[in-house]
Each structure stands twice: as structure tokens, then as C-alpha cells.
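The values are calculated or read from the model by the stated rules, or taken from the named source; none is laboratory data. Because the structure is a prediction, the values reported are computed rather than measured. Remember, those area values only see protein heavy atoms, side chains included, never the ligands or the DNA or RNA. Shrake-Rupley method; radii C 1.70, N 1.55, O 1.52, S 1.80 Å.
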Amino acid sequence: MSSDTDVSLSSYDEDQGSKLIHKAREAPFVPIGMAGFAAIVVYGLYKLKSRGNTKMSVHLIHMCVAAQGFVVGAMTLGMGYSMYQEFQAKPKP
């Protein structure tokens, strides 16, 4: 094998935890969206036993819409945050 085909393995040296921390610093609303999605799923499973006369399919659709709404809201806030950082927070030369 020639030295031209050697691949730098520095990007593979990071473990999963450090990659997650690095990505969270770049886009802080992604982990918030993931945590909110997980919280809504757990809440939906907890409320599943006390849903009353509501059909199972209706309950699941409500939980799905709530979880998706939280993720879309977090993505919207993240996009607004990144736009603010890019256009407003940079000092003007």
C-alpha cells in the first residue's frame, strides 16, 4: 500500500460522548428537542393506563402530534438562535 492512500484516523479517535458534547455545542437545541421528545413519549406511556374512554389510536395520535410539535418547536428555536448568532451577534467590522 502506498502512503497516498493513508487515511487520517483523528476523526475516529473521539468516543460517542465527546461527539455528542461537540454537536450539542454547535446546535444546543438538538439535545433539547431529543429530551423533550423522550419526555413526551414517557408521559404518554404513563398516561396510557389512565386514558379513560379514549380509544388507543386517538391517544397515540395525540402523543405523536405532541412529540412532533415539540421537536419542530425546538428546531425553530434553534434555527432562530443560529440566525441570531450569525447575523446579529457578530461584531461589525
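Table for the structure above
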{"item": "Tensor-based shape of region 46-85 (alpha-carbon gyration tensor, a/c under 1.5 rounded, otherwise prolate or oblate)", "result": "prolate"}
{"item": "Hz values of 3J(HN,Hα) by residue in region 27-38 - Karplus curve (6.51, -1.76, 1.60), Gly and Pro given as x", "result": "9, x, 8, 5, x, 5, x, 5, 5, x, 4, 5"}
{"item": "Solvent-accessible area of Ser18 with every protein chain in place, 1.4 Å probe, in Å² to the nearest 10", "result": "40"}
{"item": "Accessible heavy-atom area order of Lys55, Lys19, highest first, probe of 1.4 Å", "result": "Lys55, Lys19"}
{"item": "Phe37 - accessible surface, heavy atoms, 1.4 Å probe, Å² rounded to 10", "result": "90"}
{"item": "Heavy atoms of Tyr81 accessible to a 1.4 Å probe, total area in Å² rounded to 10", "result": "90"}
